[in-house]
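Structure, as structure tokens:
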Amino acid sequence: MTSLPNSHEALLRNRDLLGGAVGLLGVTDPGLLSRLGQGGLAMSEHAGVYSALSGVPGWQACFGYDDPGLQPATLDTIVVFLPKARAELDLRLALALWLARAGARLILVGEKKEGIAGAVKQLRARLPDAGKVDSARHCQVWSAEIAEPAPAFALADWITWTRVEHGGVSIDVAGMPGVFSLGELDEGTALLLDSLAKEPVSAGRVLDFACGAGVIGSWLQGWQRQSDQAAARVDGVDVQSQAVSCARATYERNGCAGDIRASDGLSSVEGKWPAIVTNPPFHTGVRTDTSMTERFLREVASHLESGGELRLVANSFLPYEELIRRHVGTVERLEQTRRFTVYRAVRR
């Protein structure tokens, strides 16, 4: 039997704590559901995990924090797994309190290396009587009774706004706990935007892969309008539910055009574009993980029109140039700093 993440194994050790209507928030491995031997609700903010959860009999899968399947005062036991970003835990706890019936049990599970000690402080700030019930698999399991469920929860209340200015263009960018580069323009994206100003993409339609909060698409359309050019339609795709919500809000605030959708890589994307731009992720937690970008590079040509352009920025030490050449076509370096490189390739 395939091993599960330590936090999921720790919950299995304590399955006797699960009673009544059960909800799991932040599931990372769908294999947990069949091994629990009961049904319930399972939420993930990751599009790929959500897709897998949807195929498990007896379980209601939900994608992200605003899925319509999430209804107030419906659960008797809510399990909260630690998210990668500590700030997202407050969001997850707020949702849990809204989903709970009066007297429901909240269970917090997380690994020591994930920061369970600090997470317990966040839990006790809301539920002071929380107590530890187990330590196993390098994890801790904490439990608390929810005497007074939260009367309201709205994901829109968690959005913050940041004014980003670059190259003479200003845009308002939505942020939310767990979204990459919250409240700032990261160095790699800034270099990519510089390249788009110096060497514009010649396309009326663009796809922004791993779009995050929608910075690239909003800035590009703003720069084009400011330069008296016709603004391209920039569609966006991201694997994370909060990023999709933020990108849509960013587009709406800045009057931008484009469809934003959720997809694990390009698996749920149909169609072809004359240009694709991206600042793809290369971390899973604190680990360097290039697998998503490598999969993207293997598949991207099938979503580029003949002669279409790929524009990608990445840390200079990552081995993408040969992959781009192999799967897309001739590649050149448009911009390069000590840390980042912007590549351009045209589909052969």
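The values are calculated or read from the model by the stated rules, or taken from the named source; none is laboratory data. The model shown is predicted, which means the values in this text are computed figures rather than measured ones. Reconstructed Cβ throughout: ideal geometry from the backbone, glycine too, with neighbour counts over all protein chains shown. In case anyone asks, the SASA skips ligands and DNA or RNA and just uses the protein heavy atoms, side chains included. Shrake-Rupley method; radii C 1.70, N 1.55, O 1.52, S 1.80 Å.
Consider Val56 carefully, then state whether it is farther than 17 Å from Phe153 by Cα and assigned to a helix (DSSP H, G or I).
no
Need the failing condition index for Gly103 against (1) farther than 20 Å from Ala10 by Cβ; (2) open to solvent by less than 40 Å² (accessible area, probe 1.4 Å); (3) more than 22 Å from the chain's Cα centre (by Cα), just the number.
(2)
Please identify the pairs in which a residue from region 19-33 that is β-branched (Val, Ile, Thr) has its Cβ atom under 6 Å from the Cβ atom of a residue that is assigned to a strand (DSSP E or B), counting only partners at least 6 apart or on another chain.
Val22/Gly40; Val22/Thr77; Val27/Ala42; Val27/Ser44
If we keep just the residues of region 158-188 that are assigned to a helix (DSSP H, G or I) and farther than 27 Å from Ser7 by Cβ, which is least open to solvent (accessible area, probe 1.4 Å)?
Gly188
Does Leu155 satisfy the condition of being touching a Phe, Trp or Tyr at 6+ places or on another chain (Cβ under 6 Å) and open to solvent by less than 30 Å² (accessible area, probe 1.4 Å)?
For Leu155, the condition - touching a Phe, Trp or Tyr at 6+ places or on another chain (Cβ under 6 Å) and open to solvent by less than 30 Å² (accessible area, probe 1.4 Å) - is met.
Just name the residue that is most open to solvent (accessible area, probe 1.4 Å) out of those in region 309-340 that are under 23 Å from Arg205 (Cβ atoms) and not β-branched (Val, Ile, Thr).
Filtering region 309-340 for residues that are under 23 Å from Arg205 (Cβ atoms) and not β-branched (Val, Ile, Thr), the one most open to solvent (accessible area, probe 1.4 Å) comes out as Glu332.
Residue-wise test of (1) without any contact (Cβ under 8 Å) to a residue 12 or more places away in the chain; (2) closer than 26 Å to Ala231 by Cα; (3) polar (S, T, N, Q).
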{"site": "Glu270", "(1), (2), (3)": "yes, yes, no"}
{"site": "Pro274", "(1), (2), (3)": "no, yes, no"}
{"site": "Asn279", "(1), (2), (3)": "no, yes, yes"}
{"site": "Val300", "(1), (2), (3)": "no, yes, no"}
{"site": "Ser316", "(1), (2), (3)": "no, no, yes"}
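Scanning for something among the polar types (S, T, N, Q), open to solvent by 50 Å² or more (accessible area, probe 1.4 Å) and farther than 21 Å from Gly110 by Cβ, does region 3-20 turn up at least one residue?
Scanning region 3-20, I find no residue that is among the polar types (S, T, N, Q), open to solvent by 50 Å² or more (accessible area, probe 1.4 Å) and farther than 21 Å from Gly110 by Cβ, so the answer is no.
Tell me the strands (runs of 3 or more DSSP E) entirely within region 245-319 that contain at least 2 residues that are closer than 18 Å to Val331 by Cα and in contact with a Pro (Cβ under 7 Å, 6 or more places away or on another chain).
Fully inside region 245-319 and qualifying: 304-315.
If a residue has to be open to solvent by 10 Å² or more (accessible area, probe 1.4 Å) and closer than 24 Å to Val244 by Cα to count, how many in region 21-40 make the cut?
Final tally of qualifying residues: 3.
Residues Ala119, Ala94: which one is closer than 17 Å to Val22 by Cα, assigned to a helix (DSSP H, G or I) and more than 16 Å from the chain's Cα centre (by Cα)?
Being closer than 17 Å to Val22 by Cα, assigned to a helix (DSSP H, G or I) and more than 16 Å from the chain's Cα centre (by Cα) holds for just one of Ala119, Ala94, which is Ala94.
Which ones in region 91-143 are of a type in the set (Lys, Arg) and either closer than 21 Å to Leu155 by Cβ or in contact (Cβ under 8 Å) with a residue 40 or more places away in the chain (or both)?
The answer is Arg92, Arg101, Arg105, Arg126, Arg137.
Would you mind finding the one in Ser306, Ser302, Ser267, Ser291 that is surrounded by fewer than 19 Cβ atoms within 10 Å (Cβ to Cβ), over 27 Å from Ala52 (Cβ atoms) and of a type outside the set (Val, Ile, Thr)?
None of the others qualify; the one that does is Ser306.
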